[in-house]
Every structure is written in C-alpha cells, then in structure tokens.
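K.L.:
Quick one: the structure is below, and I'll ask about it shortly.
The values are calculated or read from the model by the stated rules, or taken from the named source; none is laboratory data. Quick caveat, the model's predicted, so the values are computed rather than measured. Backbone-built Cβ (ideal geometry, glycine too); neighbour counts: all protein chains shown.
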Amino acid sequence: MSVHSILNHVLGEDLPRSLEVFAPELVLCATVVLLLLWRMLDLHQRIPTCWVALFGSLVAFFGVFAQFMYLKTGGAGVGGLEFLFDQWRLTPSGVGEIGPYFTGLLVHDQFAVFFRLVLTLFLVLVTALTILTGIPDAEDGQDFYTLLIGSTVGMLMAVGANHLLMLFLSIEMMSVPSYVMVAFQKGRKQAGEASLKYVVYGAGIAGVMLYGISLIAGLLGTANMPELGERFAILMQGEFFSMSNTTALTLVLGMMMVLVGLAFKLSLVPFHFWCPDAFEGASAEVCGFLSVASKAAALALLVRFVLAFQGTHESLAQLGILFGIALGTISIITMTFGNLAAYSQTNLKRLLAYSTIAHAGYMVMAVSAMLVILNSPSSSVGVGQAATCIEGLMYYVAVYLFMNLSAFAIVALLRNETFREDISSYRGIISGSAATKVLCVCLAISFFSLVGMPPFGGFFAKMMIFYSALQAGHAHWFLWIVLGFGALNTVFSLFYYLNVLKAAFISEPEADAAPVEVPGMAGAYVLLVTIPILALGMSSLQGDLTATAKYVAASLFQ
Amino acid sequence: MTDLLVHFILFIIAGAVLVAAPMLIGRLVRPNLPTPEKDAVYECGEPTIGSSYVQFDIRFYVVALLFIIFDVEVVFFFPWATVFGGVTQLADTRLTEAARTNLSDKLLNLEPGTTTAETAIAASDALRIAWTGFADILVFFGVLLVGFAYVWRRGDLDWVRAMVNQAKIARAQGRKNSQNEPRVDSQLAS
Amino acid sequence: MENVGLEMFLAVSAVLFVCGVVCMATKRNAIGVLMGVELVLNGANLNLVAFSRYGSLGLDGQVMSLFVIVLAAAEAAAALAIVLAFYNNHMTVDVDQATDLQG
C-alpha cells in the first residue's frame, strides 16, 4: 500500500469517523480545559465551576445517548432523537458502523457504547451529588472536577480498548486521578493515609501489569487485541498446551500479570487491601465514584481482555477453561471474604467497601461462567448462553450503579448533618424531618436491593448471573459449586445490611442527639437515584433493559 | 556468546581486584591512630555544622513535581519532530527525484533504494501530513500551556510571592494571637 | 557485538523487574517503594523496545514505551505529592506507620 492511499484512508475515512465516535470524550476533555480557564479568568465568582462541570458532563451524556439510540434504532430516529442525531452529526459510516477506530486503538460496538452510557450517566449523577453536598469548595472546585472528569475519560477509553497500549493507558488514566481524589479532603489525616496506601499498591500493581503486557505483546508480536488469540494459536501450532512449553508458560505468566492488574481495580481478594482503607479515608462521594465507575470500567476491560484470547483452536479452549475456573475460584473467595469481613464493621463506609468487594465477586462469576461456556467442548451450551452471561453482567452493572450511588449519597448527605459515619450515629434517624424519613426509606430500598430481595432490581440482576452460572454448570461442574457459594453468600449478606437498617428504623436515638434535619433537595436527589432501583425491578423498564442487554450481548459475539 | 562472557568475567574480576587491592594494601601498611578530626565527615576542610539530613523547603518539591510533568511531555515531541522534519523537506516541490526517494526511505525507515519514483512520498501528500502534524502539536501544546498558565496563575511557581504571602499570613496571625506564632523559615527568607 | 540478542535484553529486563518487585516488597520508606515501581516500569520498557527491535512488534513497542515514560512520570508526580501530604500529617514516610485505618 502506498503512502498516498494510507494517508487517504487515515485522514479521509478513519479520522472523521473516529472524531464522530469520540466526540463525547472530546467534550469532556474540552470541559477540563474550560474549567482551568474558568478559574484563571476568575469567572468562578459569577458562575461556580461545578455548573460548568455539570454542563459538560450532561453534554457528553447526551452525546453517548445519541450514539446508543442511533445504533439501537439503526439511525431512524423520531422527534427529539432526530434532533439529537443531527446535533451530533451522526452518520451511517461513522457511529452507525461497528468496528475499530483511531487506526485500531479503540473499538466502537454496542458493548462499549452501553458502558459509556452507564459511565457518563454516573458522571452526571456524581457531579450533581457533589454540588449538593459541597465537597469541593469554590476555591478548588476546578481541581476536583478536573480529576473527576479526567478519570472518567480514562474509563470511557477503557471500555472500548482494542489495543494493549490502550489497556494500560486507560487503567492509568482512571487510576492516577482517583489516587488524588481519595486524598482530596484537605487536612484530614485519614485521607492522606488512605491515599498513600492506594497509590503505593496501585502503582506497584500497574508496573507488574505493564510487564505482563510487554511479555504478551512481545511474544505474540502484536499489541492488537483481536489478533492475540489467533497469534497464540499459531504459536502453539499442533502441540497441546502444556507446562513444559516455556513460551506458553511465559505467555500465561504475562496474562496472569494483566489479570492481577484488573483484579486490583475490581478489588478481588487477594488484591483488595486498598479498598476498605481507601473508602474509609476518602469522602463518601469519591467512594461512590470508585465503587461504581472504576469497577464497571475494569469489568468491561476484563471481558475485553479474556475475549481477546478466544478462538477455535484447542490450546485456546484449554486456556479459556483454565482461566474460567481460576476466576470462579477467585469469585468464591472474594464474595465469601467480603461478606464475612463486613460483619464486624462499625464504620458504614467500611461496611459498604466490603459489600463492594462481595459484589465484585458476584460480577466476576458471570465472566467465569462466560469463559467456561465459550470454551466447553460439549455442544449443549454455546454462544447463546455466553451472551446470557454478558447480559446478566450488564444488567447487574446498571442496577449496581443506582444501588451503590444511592447508598453512598445517603452516607454523604447524613454526614453533612451529623458529621459522623459510624453505624451508631444512624440510631433512630427515622425520627428526623420528612426528608430524613425519605432518606431512611431509600436506604432500606438500596440495601434490600444490594442483598437481592425479590421486588427490587438487585434481585433480577443476581438471578440473571446465577442463571448463567447454572447454565455454565452443564459445561463444567465447578460452576455449580460457585453458584452454591453465591447463593449462600446472598443469605449471609442479609444480616449485616439488616443491622444498619435496624439502627436506623428501630433503635432509639442516642440520648443527646438532636433530630436529623436533612435539606429537602437532598431527599429529592436520593429519591431520584432510588426510583430506578424500583423501576428496574418492577416496571416495564426491566423488560426494556433486559432486551437492551440481550441485544448488546449478542453483538459482542457476532 | 562465550567470547562476550569471558570479557564480562575479565572486567568484573579486574574491577574487583583494582578496588580491593589498594584498600587491602593500605590496611596492612598504614599505622592505626584514630583521632576525632580524622573520624569527622570531610566537608571541604571546614568543620561540619549539623547533620546533612536536613529538610528542604516544601517549595523545592512543588517546583520539582511540576518540572517532572512538563519536562517529560517533551518526549512526545521527538517522534513528532522526526516525522515533521522529514515531511517538510519532502513538501518542497523543487526536490530532485533522487533526493525525494532518498528522503522517503529515511522517513519510512526502509533500506536505501527501496522506494522508486512511483512509491516515493509526493510533495502534496507530504504537505498534508505536515499540516496535520502541525495541527496536532498545536492542540497538544495548547492544552499543555493552559495547564502551565493555570499553575502559574495559582502562584505555584512564584517563589518570592509565596514568601511574601506566608509572611503576611504570619503577621496577621501573629497580631491575633501572639503566643502561637507560626514559624517562618528565616534561612530561606534571607 | 553482533551476538547481543533478544535474550540478553530480556534477561536484563527480568533482573530489573525482580529488583523492582523486591524493592517494593521490602522497603518501608514510601519513596523507596516508588523507586521500585520505576524499576519495574523501566524493565517493561526495555522489554518493549527490545521486542520492537528484534521481534515482530515493530514501532508499536517503541510508541508504547514512550507513553509509559510519560505515564510513569505522571504517576510518580501524583504519588510524590500524596507522600508529601502524608508527611505533613504524620511527620514520617514509613508505610508501616500508616496504621490509623484498620479494622
């Protein structure tokens, strides 16, 4: 191919398409620059920087929403949608076409767009929450939102990673700002310590992960993720995967190093140390951000990474089963540890951190089931069932967003009133104002949903993941054990959540405590993020989301 | 391989011997008469004042941290400059055929003589790459400059003004409660 | 010296990696841990560049190592700033002294 034709392809076709798909991220980048300029020109005295950040993230959200609807409807928008499509200049050859962009560094598909939608929606909600609780003050608002948006841009790139460089780059882009965000509360002794632990572990694990990436990329001779599986099969040519083959051994070592990095971001046991400490030291808003957004992005990366090593070759199937069972084991350990450790906690943020760890275990169960199904030699399960796993995973992520955000928002809003975060400070808060009562009811809803009680969204999410594990059990009996542990853990987890609710609803308030008076806006906000939990459990929205998830999952295995 | 290994081993042995031998000889030959002056840390012949593990002012660190960031960004300029330099030369329409193929080989990292008159980079294409590269670097550098201006505006680079501010705060607080006066680093102010 | 091959680069990078990991695991000083991280990152960089020179990775490896250099600097800057904040609160950079949060 001559330089002329390469140039024509890159500048004429690839670049416009890439910019079209990447436009929401570019909006966020522009917002970061604008925030800094805003503060420099002292405009923040007229319009606080938080509103600029909220506006930028809303624009980005609508950008991704337009892309999502464009893909779903095939470009045939009506009314408001048509207007959105026009505003973002979406074209059939740009957003309408599935495939890699930016010369193969990132990939545009339904899976990526779904996760980008979740992440940008979450960014909008978190920004609104920080405005409500006033965590960054007027002087350093731009610093906080720069970090928040920068981290989100990293996550948006992570869910579309198609190249090992992007894998590392996006992990770092989402981690480095979050280290600083954990330390953001100035002068609080614990924040510095939490952040130090997070950054020391995080930097170390990132190094190990990069070494793994260098081994994989070097030995397979490519860093392009879709080619990895094929190259691996060629390298193993003819011979079965065995431990005496040093190249294979080195490659598996490299993959394990990358999986360690992802496990750290997902806070899977034994790479969870940072999570409770970081959560206790950081403000509740940042905890919410870390627990939902960074997990969702890491989960999408995990799916992308393991799917890169899928193929028809025998050695790949063996490898897939191996990793599937390893992830299943980690899932068992993670959810059991998370739930057991949550019992003895007295700080609510720490309790929620362990609950987050346990939930990561449930989510990894779906990935493990998917790997086992895809690589099973038996014909009773196939791509259809694998899609069910991904469907369950996405449903879980969508519900988890609202459950956890609601819980952390309540912690943050009550902290603003009581200045405490331990469980004993929740005793009898139901006797407070009307808005406080709303907060208590929402806390109950989000906790019951986190447990997986029937009418709420969390129940259906858990059911879908358990169902996929049940299906995978036909391919390999080990998944039935994982499923058994999952079910047991669900029952375990009920008690420590109930403990908090008991304090809030039944216990008498402490003798010297004044009734908690939460502002009305706080009640409205919490209600806004809690209603989707109910809606995803009981209304037709559930069917919609399931259908969407099904459609997205199917597209991943085309 | 073995040849290289022998060299390495020779170097290591020679290095170790050259260091160890004088020390050993010195130890055997010299008289042992320790005095406090001999045990003292040597600092240009002057008597030492205090420990060398002193704290540096925090502003050294801030400036160093900012320097790391802006310094390392320059790494991205190197590959850009290589390509940009090549294509701006190629964008010249007055180049001879031979010079054009030669430059194309260099830019595409090929063996000399690989490109022919047909496959060499045309002037119009080179111009296109040059303009694209120029736009890229403008955006990149522009964003970098915004960050730099922000840091500057916040006074993080301002050594003297930071001192003045600190002194002002110290004076204001000193007026409020004189018994609890914060320490101003007099060494650096002088 | 045409007999310097890929294996030698990989051996050096493996040594760097192991040194870095040992440094991270044994150092109690936070700055020391960060130095270990730098060693690991540079070991990986050496791998990438060696593979791009001798293997079939091509320019991808060199570009990746450029990005890693910049990311390592950004990470080091953020980490050092955090260590500094920790020092201001605790008057130490010993990671074993970070024991306020435990449960």
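K.L.:
From the list A:Leu7, A:Leu35, exactly one residue is in contact with a Ser or Thr (Cβ under 8 Å, 6 or more places away or on another chain), at the interface with another protein chain (Cβ under 10 Å from one of its Cβ atoms) and either crowded, with 18+ Cβ neighbours inside 10 Å or β-branched (Val, Ile, Thr) (or both). Which is it?
P.N.:
Residue meeting the stated conditions: A:Leu35.
K.L.:
Out of curiosity, is A:Leu479 in contact (Cβ under 8 Å) with a residue 40 or more places away in the chain, under 27 Å from A:Ser540 (Cα atoms) and surrounded by 20 or more Cβ atoms within 10 Å (Cβ to Cβ)?
P.N.:
Against the criterion (in contact (Cβ under 8 Å) with a residue 40 or more places away in the chain, under 27 Å from A:Ser540 (Cα atoms) and surrounded by 20 or more Cβ atoms within 10 Å (Cβ to Cβ)), A:Leu479 does not qualify.
K.L.:
Take A:Met538 and tell me if it is over 24 Å from A:Phe111 (Cβ atoms) and in contact with a Pro (Cβ under 7 Å, 6 or more places away or on another chain).
P.N.:
Answer is yes for this residue.
K.L.:
Here's something else I'd like to know. Within the set of pairs 6+ apart or on separate chains, which have a first residue in segment A:44-64 that is free of Cβ contacts under 8 Å to residues at least 40 places away in the same chain, a second that is in a helix (DSSP H, G or I), and C-beta atoms under 7 Å apart?
P.N.:
Pairs that qualify, where the first residue is free of Cβ contacts under 8 Å to residues at least 40 places away in the same chain and the partner is in a helix (DSSP H, G or I), are A:Val59/A:Val27; A:Phe62/A:Leu84.
K.L.:
Let me ask something else about it. Would you point out which residue out of A:Pro136, A:Pro92 is surrounded by 20 or more Cβ atoms within 10 Å (Cβ to Cβ) and in a loop (DSSP other than H, G, I, E, B)?
P.N.:
Exactly one residue qualifies, and that residue is A:Pro136.
K.L.:
Which of the residues that make up segment A:198-221 are surrounded by 24 or more Cβ atoms within 10 Å (Cβ to Cβ), at the interface with chain C (Cβ under 8 Å from one of its Cβ atoms) and either over 19 Å from A:Gly261 (Cα atoms) or hydroxyl-bearing (Ser, Thr, Tyr) (or both)?
P.N.:
A:Tyr211, A:Ser214
K.L.:
Can you say whether A:Glu517 is in contact with a Gly (Cβ under 7 Å, 6 or more places away or on another chain) and not in a helix (DSSP H, G or I), as far as the supplied structure shows? Show your work before the answer.
P.N.:
On the way: in contact with a Gly (Cβ under 7 Å, 6 or more places away or on another chain): yes; not in a helix (DSSP H, G or I): yes.
Answer is yes for this residue.
K.L.:
May I ask you to list the residues in segment C:64-103 that are out of contact with any helix residue (DSSP H, G or I) (no Cβ under 7 Å at 6 or more places or on another chain), in a helix (DSSP H, G or I) and within 11 Å of chain B (Cβ to nearest Cβ)?
P.N.:
Here is the first cut: in segment C:64-103, the residues out of contact with any helix residue (DSSP H, G or I) (no Cβ under 7 Å at 6 or more places or on another chain) are C:87-88, C:91-92, C:94, C:96, C:99, C:102.
Next, from what is left, pick out any that are in a helix (DSSP H, G or I): C:87-88, C:96.
Selection gives C:Tyr87, C:Asn88.
K.L.:
From the set of residues in segment C:1-41 that are at the interface with another protein chain (Cβ under 9 Å from one of its Cβ atoms) and of a type outside the set (A, V, I, L, M), which is surrounded by the fewest Cβ atoms within 10 Å (Cβ to Cβ)?
P.N.:
Per the criteria, the residue is C:Asn3.
K.L.:
Let me ask you something else. Filter segment C:42-63 for residues that are surrounded by fewer than 22 Cβ atoms within 10 Å (Cβ to Cβ) and either β-branched (Val, Ile, Thr) or not in a helix (DSSP H, G or I) (or both); which is nearest to the other protein chains (Cβ to nearest Cβ)?
P.N.:
C:Ser56
K.L.:
In this structure, does A:Arg188 turn out to be farther than 23 Å from A:Tyr70 by Cα and charged (D, E, K, R)?
P.N.:
So A:Arg188 fits the description; yes.
K.L.:
So the check is Cβ under 9 Å with 6+ separation or different chains; which pairs have a first residue in segment A:169-197 that's more than 7 Å from every other protein chain (Cβ to nearest Cβ) and a second one that's of a type in the set (Val, Ile, Thr) and not in a helix (DSSP H, G or I)?
P.N.:
Pairs found: A:Ser170/A:Val159; A:Phe184/A:Ile135; A:Gln185/A:Ile135.
K.L.:
Please determine, by comparing only the residues of segment A:47-82 that are out of contact with any helix residue (DSSP H, G or I) (no Cβ under 8 Å at 6 or more places or on another chain) and farther than 27 Å from A:Val126 by Cβ, which one is modelled with the highest pLDDT.
P.N.:
Looking at the filtered set, the residue picked out is A:Glu82.
K.L.:
Then there is this: If only one of B:Phe141, B:Phe134, B:Phe78, B:Phe84 is part of a helix (DSSP H, G or I), away from every other protein chain (no Cβ under 12 Å) and either free of Cβ contacts under 8 Å to residues at least 24 places away in the same chain or among the charged types (D, E, K, R) (or both), which one is it?
P.N.:
Unique residue meeting the criteria: B:Phe141.
K.L.:
Still on this model: Which residues, counting only those in segment C:18-35, are within 18 Å of A:Met209 (Cβ to Cβ) and not hydrophobic (A, V, I, L, M, F, W, C)?
P.N.:
Scanning segment C:18-35 gives a single hit, C:Gly20.
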